[in-house]
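K.L.:
After the structure tokens below, expect a handful of questions from me.
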Amino acid sequence: MKRPNIPSMDEIETMLQDINDMEEAIAELKNRLKEMPSKMSNEIHDQEERISAARYLYWMVQEIPGTTISEGFLYANLYEMTKAIGTATGVIQCDRCSNPMVFRSRSHFKETISKMERSKKKGYFIYAEGYKVLCDLCWKEIQKTRHEQYETQKAKENSRLHELITMPYREYLRTPEWQGRRRQHLQSSSYRCQLCNSKDVILNVHHRTYERRGREYYKDLITLCEDCHKTFHQQRKLAGI
């Protein structure tokens, strides 16, 4: 394949080489970063100071693997180190109760920071209630409130559905629920009779079954022009349906 012999092609190749050099430099820096805990171990000898420094590295410099900090700096396994340094508190406050968040794992901490950054950039809240970050207790309380609200709404819907099912049919046809469902079906049928395909005529939405009154499926209804509707009521059947 022939290479285009033009200045822009030379520029492209130079850019690619620069990218490769930068990637190699980044890889080298990452390797050096992993060596830093061992270097720090020669600079801090007091055990309390070492634990304090390990705490900072573990929570605030997440680019360094936890095992590198524990083994290269504290000469302990990861479990022993996390037990010694404890949880991270006081860095971020809960939006709901304003108490300091408690982070028990790096992933939880990193996820929370990421949520805050995303919501700040895009200008939206993570939670529907208007919060970006929540402590465990507030999250549980919100979940409980949501569940209670759901159960209350479900009870209201079931009560209303019972009313729709048991009220006289003519009264049901005047309800906003039926009027909305009727408009929806007319729109779905493109405002045509679903038997003769007539358009620009008076249309009725007929129940093919009353089994699900109040929560009708599309298949429970059919759009009919007045002639087809009249034929049905006269013959009690429609050909082809």
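The values are calculated or read from the model by the stated rules, or taken from the named source; none is laboratory data. This one's a predicted model, so the numbers in the text were calculated from it and none came from an experiment. No Cβ is skipped: glycine too gets one built from the backbone with ideal geometry, and neighbour counts run over all protein chains shown.
K.L.:
Could you pull out the residue among 89, 67, 145, 152 that is surrounded by fewer than 16 Cβ atoms within 10 Å (Cβ to Cβ), among the hydroxyl-bearing types (Ser, Thr, Tyr) and within 30 Å of residue 175 (Cβ to Cβ)? Before you say what the answer is, go through the steps one by one.
P.N.:
Working: 89 fails: within 30 Å of residue 175 (Cβ to Cβ); 67 fails: within 30 Å of residue 175 (Cβ to Cβ); 145 fails: within 30 Å of residue 175 (Cβ to Cβ).
Exactly one residue qualifies, and that residue is 152.
K.L.:
Hey, does the stretch 180-191 have a residue that's more than 30 Å from residue 130 (Cβ to Cβ), among the aromatic types (Phe, Trp, Tyr) and outside the structural domain of residue 130 (by TED's automatic domain parsing)?
P.N.:
Yes, the stretch 180-191 contains a residue that is more than 30 Å from residue 130 (Cβ to Cβ), among the aromatic types (Phe, Trp, Tyr) and outside the structural domain of residue 130 (by TED's automatic domain parsing).
K.L.:
Yes or no: the stretch 80-96 includes at least one residue that is without any contact (Cβ under 8 Å) to a residue 60 or more places away in the chain and within 15 Å of the chain's Cα centre (by Cα). So that I can check it myself, show each step before the final result.
P.N.:
Filtering the stretch 80-96 down to residues without any contact (Cβ under 8 Å) to a residue 60 or more places away in the chain leaves 80-96.
Then keep just the ones that are within 15 Å of the chain's Cα centre (by Cα); that gives none.
No; the residues of the stretch 80-96 include none that is without any contact (Cβ under 8 Å) to a residue 60 or more places away in the chain and within 15 Å of the chain's Cα centre (by Cα).
K.L.:
From the list 104, 96, 118, 55, which one is among the basic types (Lys, Arg) and in contact with a Phe, Trp or Tyr (Cβ under 7 Å, 6 or more places away or on another chain)? Walk me through how you get there before you give the answer.
P.N.:
Numbers: 104 fails: in contact with a Phe, Trp or Tyr (Cβ under 7 Å, 6 or more places away or on another chain); 118 fails: in contact with a Phe, Trp or Tyr (Cβ under 7 Å, 6 or more places away or on another chain); 55 fails: in contact with a Phe, Trp or Tyr (Cβ under 7 Å, 6 or more places away or on another chain).
Only one candidate passes the filter, namely 96.
K.L.:
Related question: Please enumerate the residues belonging to the stretch 187-223 that are basic (Lys, Arg), within 37 Å of the chain's Cα centre (by Cα) and assigned to a loop (DSSP other than H, G, I, E, B). Working first, answer last.
P.N.:
Looking only at the stretch 187-223, we keep the residues that are basic (Lys, Arg), and these are 192, 199, 208, 212-213, 215, 219.
Within this subset, residues satisfying the condition of being within 37 Å of the chain's Cα centre (by Cα) are 212-213, 215, 219.
212, 213, 215, listed by residue number.
K.L.:
I'd like to know if the stretch 167-182 contains one or more residues that are among the polar types (S, T, N, Q), surrounded by fewer than 17 Cβ atoms within 10 Å (Cβ to Cβ) and at pLDDT 95 or above. I'd like the intermediate steps shown before the answer.
P.N.:
Kept after step one, since they are among the polar types (S, T, N, Q), are these residues of the stretch 167-182: 175, 179.
Keeping just the survivors that are surrounded by fewer than 17 Cβ atoms within 10 Å (Cβ to Cβ) gives 175, 179.
Still in the list and also at pLDDT 95 or above: 175, 179.
Looking through the stretch 167-182, at least one residue is among the polar types (S, T, N, Q), surrounded by fewer than 17 Cβ atoms within 10 Å (Cβ to Cβ) and at pLDDT 95 or above.
K.L.:
Go through the stretch 122-142 and report how many residues are among the charged types (D, E, K, R) and exposed (fewer than 13 other Cβ atoms within 10 Å of the Cβ).
P.N.:
The qualifying residues number 3.
K.L.:
On the phi < 0 side of the Ramachandran plot and exposed (fewer than 15 other Cβ atoms within 10 Å of the Cβ): which single residue out of 119, 114 fits that description? Don't jump to the end; show me each part of the working.
P.N.:
Values: 119 fails: exposed (fewer than 15 other Cβ atoms within 10 Å of the Cβ).
Exactly one residue qualifies, and that residue is 114.
K.L.:
For residue 55, state whether it is farther than 18 Å from residue 109 by Cβ, free of Cβ contacts under 8 Å to residues at least 60 places away in the same chain, charged (D, E, K, R) and in a helix (DSSP H, G or I). Full working, then the answer.
P.N.:
Details: farther than 18 Å from residue 109 by Cβ: no; free of Cβ contacts under 8 Å to residues at least 60 places away in the same chain: yes; charged (D, E, K, R): yes; in a helix (DSSP H, G or I): yes.
The answer is no for residue 55.
K.L.:
Determine if the stretch 93-106 includes at least one residue that is in contact with a helix residue (DSSP H, G or I) (Cβ under 8 Å, 6 or more places away or on another chain), closer than 30 Å to residue 78 by Cβ and of a type in the set (D, E, K, R).
P.N.:
Yes, that holds for at least one residue.
K.L.:
Is at least one residue of the stretch 131-142 touching a helix residue (DSSP H, G or I) at 6+ places or on another chain (Cβ under 6 Å) and part of a loop (DSSP other than H, G, I, E, B)?
P.N.:
Of all residues in the stretch 131-142, those touching a helix residue (DSSP H, G or I) at 6+ places or on another chain (Cβ under 6 Å) come to 132-133.
Retained after the next criterion (residues that are part of a loop (DSSP other than H, G, I, E, B)): 132-133.
Yes, the stretch 131-142 contains at least one residue that is touching a helix residue (DSSP H, G or I) at 6+ places or on another chain (Cβ under 6 Å) and part of a loop (DSSP other than H, G, I, E, B).
K.L.:
Provide a single number: the residues in the stretch 47-56 that are in contact with a Ser or Thr (Cβ under 9 Å, 6 or more places away or on another chain) and either of a type in the set (A, V, I, L, M) or surrounded by fewer than 18 Cβ atoms within 10 Å (Cβ to Cβ) (or both). Don't jump to the end; show me each part of the working.
P.N.:
Filtering the stretch 47-56 for residues in contact with a Ser or Thr (Cβ under 9 Å, 6 or more places away or on another chain) gives 50, 54.
Applying the additional criterion that residues be either of a type in the set (A, V, I, L, M) or surrounded by fewer than 18 Cβ atoms within 10 Å (Cβ to Cβ) (or both) yields 54.
Result for the stretch 47-56: 1.
K.L.:
Turning to a different aspect of this structure: Pull out all pairs, ordered by first then second residue, where Cβ-Cβ is under 7 Å, the residues are six or more apart or on different chains, the first lies in the stretch 1-22 and is modelled with pLDDT under 95, and the second is surrounded by 10 or more Cβ atoms within 10 Å (Cβ to Cβ) and not aromatic (Phe, Trp, Tyr).
P.N.:
3/9
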